[in-house]
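Colleague: Quick one: the structure is below, and I'll ask about it shortly.
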Amino acid sequence: MRFKSHLTPTNQLPLVVIVGPTASGKTGLAIELAKRHDGEIICADSRSIYKGADIGTAKPSPKEQAAVPHWGLNLVNPGEYFSVADFKEYADKKIAEIRTRGKVPFLVGGTGLYVDAVIFDYQFGPPANIPLRTKLQQMNVDELQNYCKKSGIALPENYNNRRYLVRAVECNGLDNRKYERPLENSIIVGITTEKQILVSRIAERAEQLFDDGVVNEARSLSERFGWDNEAMKSNIYPLIHKYLDGQMTLDDVKGKYITLDWRLAKRQLTWLRRNSFIHWLSLEGAKKYLNHELAIRKQP
């Protein structure tokens with residue numbers, strides 16, 4: 001086990017990591033803190049990487065993106081492959097660039113594997129096996145499950161989700177080298193939210209998505225890329241597909257979306273709580289704690 005080579009020199013600006021489930025308020029907090037402490041945000045969200053899928057993936061709004069530089073958004077077209085290794089390489093580069101500019105890097109999101117790959121410095125195996133990658137992308141859920149079983153790969157918690165199954169195969173490609181502790185000079189917080197408040201926020205988001213035109217966005221994306229691609233596997237898009245086909249009413253779609261996003265939040269929390277280095281705080285508590293820590297660590 002390696003111990004020292006990954007450590008960030010303490011004279012560099014800290015890496016601020018803010019994690020939490022969907023709708024926990026981490027994006028708004030990160031923007032407020034980044035504005036105050038001269039920071040830039042790297043989004044660690046496996047759904048926000050897709051171009052054009054803006055409303056349905058709840059990306060930061062154009063106004064929010066204009067307030068603070070955001071990275072990690074719109075990296076690939078729907079249907080293009082983007083692995084955990086790809087994200088880590090991208091995020092590592094952006095963290096270094098942000099520090100070079102004298103800014104504070106903020107890594108913010110709910111995709112636990114993306115975050116862990118960066119803060120524990122996952123070391124990936126050989127370059128991607130392109131034939132295997134192509135094969136995986138063409139498999140359905142049953143075929144991916146069988147592939148995992150035959151290959152001795154543990155099924156993910158959400159084993160009926162194609163994206164999670166592909167990710168399980170990706171994880172098996174790790175060469176099992178990572179650090180036992182996070183990168184030095186990193187500040188890692190998780191946002192805790194009471195269940196009823198979180199469900200209420202998810203319900204508010206459901207209304208906002210439709211007010212913002214998510215149906216038209218889904219229709220446009222389907223016309224360009226079809227319904228069967230990774231960008232369209234996000235909770236809301238399959239439901240809109242059924243709505244447009246007359247299989248669900250708009251109220252049914254909203255109700256089902258709230259249920260699915262709550263389940264997503266629970267899965268995110270299950271993953272994140274495995275990380276004992278996360279300092280869990282309320283939204284207000286996290287703001288006070290990070291303001292204090294940054295005031296100290298940014299001093300010459």
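Colleague: Need one word for the range 1-112: rounded, prolate or oblate. Basis is the Cα gyration tensor (sqrt eigenvalues a ≥ b ≥ c); a/c below 1.5 gives rounded, then a/b vs b/c decides. Walk me through the numbers before you get to the answer.
Modeller: Working: a/c = 1.81, a/b = 1.25, b/c = 1.44.
Cα axes put the range 1-112 in the oblate bin.
Colleague: Another question, if that's okay. Quote the relative contact order of the chain in percent (integer), defining contacts as alpha-carbon pairs under 8 Å separated by 6+ residues. Walk me through the numbers on the way to the answer.
Modeller: On the way: 410 pairs, mean separation 87.7, N = 300.
With pairs under 8 Å counted, the relative contact order is 29 percent.
Colleague: Using a basic spin-label model with each label point 7 Å from the Cα along Cα→Cβ, how many nm lie between residue 134 and residue 75?
Modeller: Distance between the two pseudo-spin positions: 2.3 nm.
Colleague: To check you understand DSSP bridge types, tell me what percent of the beta bridges within the chain (both residues inside) are antiparallel, rounded to 5. Could you put the intermediate results ahead of the total?
Modeller: On the way: 2 of 22 bridges.
Among the beta bridges of the chain, antiparallel pairing accounts for roughly 10 percent.
Colleague: Now, a different point. Where does the chain land at 222 nm, in deg cm²/dmol rounded to the nearest 500, when only DSSP H runs of n ≥ 4 count, each adding -39500 (n - 2.57), divided by all residues?
Modeller: Working: 12 runs with 148 residues, N = 300.
My calculation for the chain gives -15500 deg cm²/dmol from helical runs alone.
Colleague: Sketch the reach of a paramagnetic label on residue 298 as a point 7 Å from Cα along Cα-to-Cβ, and name the residues of the range 84-109 whose backbone nitrogen lies under 19 Å away.
Modeller: Flagged as within label range: 95-108.
Colleague: Taking 7 Å along the Cα-to-C-beta vector as the label spot, tell me the residue 196-residue 244 distance in nanometres, rounded to one decimal.
Modeller: 3.8
Colleague: Find the all-direction average of the projected area of the Cα convex hull for the range 226-266, expressing the result in square nanometres with one decimal place. Could the numbers behind the result be given before it?
Modeller: Working: hull surface 11.7 nm².
Result: a mean projected hull area of 2.9 nm².
Colleague: Tell me, in nm to one decimal, what length is gained between residue 142 and residue 219 on full extension, where the rule is 0.36 nm per residue of separation less the Cα-Cα distance? Please list the in-between numbers first.
Modeller: Working: separation 77, 0.36 × 77 = 27.72 nm, distance 2.71 nm.
Net length gain for the segment: 25.0 nm.
Colleague: How far is the Cα center of the range 44-89 from the Cα center of the range 279-300, in Å?
Modeller: Each part's Cα centre sits 26 Å from the other's.
Colleague: Can you give the extra length, in nm with one decimal, that the chain gains between residue 274 and residue 86 once fully stretched, where that is 0.36 nm per residue apart less the Cα-Cα distance?
Modeller: 65.4 nm
Colleague: Hey, another quick one. So for the chain, considering every pair of alpha-carbon atoms, how many percent are separated by more than 36 Å?
Modeller: Taking all Cα-Cα pairs of the chain, the fraction more than 36 Å apart is 16 percent.
Any read-out appearing in this document is the output of simple, stated calculations on the displayed coordinates, not a laboratory observation. What you see is a predicted model, and the numbers here were worked out from it, not measured in a lab. When we count neighbours, we look across all protein chains shown, and the Cβ atoms used for this are built from the backbone with ideal geometry, even at glycine.
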